[in-house]
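I have placed the structure first, in the form of structure tokens, so that the comments after it can refer back to it.
The values are calculated or read from the model by the stated rules, or taken from the named source; none is laboratory data. Values in this document were obtained by computation on a predicted structure and should not be read as measured data. Here Cβ is always computed from backbone atoms with ideal geometry, including for glycine, and neighbour counts include all displayed protein chains. Heavy atoms of the whole protein, side chains included, go into the accessibility calculation; ligands, DNA and RNA do not. Shrake-Rupley method; radii C 1.70, N 1.55, O 1.52, S 1.80 Å.
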Amino acid sequence: MPDSTLKGQQVGLTDDQLRFYKTFGYVVLRGFFTPEEVQIIQREVSHAMTVQYAHKPFDGTARHWTMMLEEDTPFFASLMEDPRFLTIAKHLYGQDVLGVGTDANRYVGNTGWHRDTATVLQYGVKFAFYLDPVDALTGALRVVPSSHRYPDDEEFGKLIRGFAVQDVPAQALQSEPGDAVAFDLRTYHASFGGSRDRRMCTVVYYGNPRNAEEEESLRRQGEGNVRGSFKQFGCKRQYLYPRTWYQNPNRSPDRQWWIDRLKQIGYFDWPGVLQ
Ligand SMILES: O=C(O)CCC(=O)C(=O)O
């Protein structure tokens with residue numbers, strides 16, 4: 001698989017950041033995007049949301065979500081291959097890490113405690129970036145430090161959801177537009193006090209499964225991703241990956257590796273994953 005190391009440019013995590021992430025399951029990356037890029041991000045999110053929800057304009061009562069891999073949002077469509085993200089993802093989960101998506105959200109109110117994987121056998125990193133300033137009481141991401149190291153435990157999941165979001169001992173990751181926060185998909189996370197229109201975007205990578213059990217967990221995640229995305233939120237596009245992305249027109253070796261491996265695992269086989 002390709003090596004995305006940039007020559008002569010400092011990208012990736014410092015050793016201290018890497019150690020912090022491995023120990024606590026998250027890291028905050030200040031000034032990740034330039035102010036010009038923040039403007040492009042705002043424009044592309046606004047465009048995509050308008051197109052995807054023309055039939056159901058946002059009114060602050062329900063979250064809107066859209067995948068961002070189409071050609072009409074070229075900056076987002078390039079983000080998984082952007083060395084700033086990809087180098088960190090490779091640093092954290094190995095050179096064979098798999099790029100799986102980039103999306104945009106308009107959140108409404110609090111988000112309850114959850115992990116982003118059904119099982120600890122399926123892992124990876126989510127980079128989240130908010131388009132408005134957020135802090136502990138205005139919708140910043142909250143994480144339970146080191147919970148990416150907790151085993152699968154249904155009882156713990158039920159217990160933590162039994163508390164009000166703000167009553168769980170946690171770290172709130174205050175952020176400004178241009179910052180990004182990276183967290184292990186197994187880390188328990190939530191948010192409290194956010195506005196009725198909290199714009200947040202993500203770029204996600206999965207670790208390449210190391211054995212048959214992990215492969216099966218990732219394969220099943222394909223179905224979970226369909227269920228928890230366009231089916232749930234009702235955007236116009238009724239699939240996750242557009243043909244234009246899957247055909248890899250620019251012959252990106254990284255993207256081709258992701259597609260070939262995910263295809264081999266059966267991730268694309270669920271109805272609605274591919275256009
Ligand atoms: O920002 C939020 O309210 C929560 C974000 C979240 O849960 C996620 O990205 O998985």
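Here is how the numbers come out for the structure above:
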read-out: Overall dimensions of region 15-269 as given by Cα atoms, namely Rg and Dmax in Å; value: 17.3, 48
read-out: Integer Hz, Karplus 6.51/-1.76/1.60 couplings in order for region 168-175, x for Gly and Pro; value: 8, x, 7, 9, 8, 9, 3, 8
read-out: Rounded accessible area per residue of the chain, 1.4 Å, Å²; value: 46 Å²
read-out: Pair Gln238, Gln166: separation of 7 Å Cα→Cβ label points (nm); value: 4.2 nm
read-out: Percent accessible area from carbon and sulfur atoms, the chain, protein chains only, probe 1.4 Å; value: 52 percent
read-out: Using θ = phi - 60° and Karplus 6.51 cos²θ - 1.76 cosθ + 1.60, couplings along region 46-57 (whole Hz; Gly, Pro as x); value: 4, 4, 4, 5, 5, 5, 6, 10, 4, 7, 8, x
read-out: Contact order normalised by residue count of region 15-269, Cα under 8 Å, 6+ apart, percent; value: 29 percent
read-out: Longest segment of the chain lacking chymotrypsin sites (Phe, Trp or Tyr not before Pro) that sit in a DSSP loop with at most 16 other Cβ atoms within 10 Å; value: 59-162
read-out: Rg and Dmax of region 120-275, Cα atoms only, in Å; value: 17.3, 48
read-out: Too-long pairs where the Cα-Cα distance tops 24 Å, listed order kept, from Lys90/Lys231; Lys56/Lys263; Lys90/Lys236; Lys90/Lys263; Lys56/Lys158; Lys22/Lys90; value: Lys90/Lys231; Lys56/Lys263; Lys90/Lys236; Lys56/Lys158
read-out: Cut-off 16 Å, label 7 Å out along Cα→Cβ of Thr23, residues of region 168-209 by amide N; value: 171
read-out: Asp132-Lys231 FRET efficiency (beta carbon distance; Förster radius 30 Å; 0.05 resolution); value: 0.65
read-out: Residue-wise HN-Hα coupling along region 82-98, computed from phi with Karplus coefficients 6.51, -1.76, 1.60 (Hz; x: Gly, Pro); value: 5, x, 5, 7, 5, 5, 5, 4, 5, 4, 7, 10, x, 4, 9, 4, 10
read-out: Difference of contour (0.36 nm per residue) and Cα-Cα distance, Thr14 to Ala212; value: 68.0 nm
read-out: Residue-span extension gain [Glu37 to Thr61] - 0.36 nm each, minus C-alpha spacing; value: 5.7 nm
read-out: Three-way shape call for region 44-164 based on the alpha-carbon gyration tensor, with the a/c threshold at 1.5; value: oblate
read-out: Nonlocal amide H pairs with Asp132, under 5 Å, H built at 1.01 Å; value: Arg199
read-out: Distance between region 239-272 and region 65-98 - C-alpha centres, whole angstrom; value: 13 Å
read-out: Neighbour net charge for Pro145 - beta-carbon separation under 13 angstrom, K R +1, D E -1; value: +3
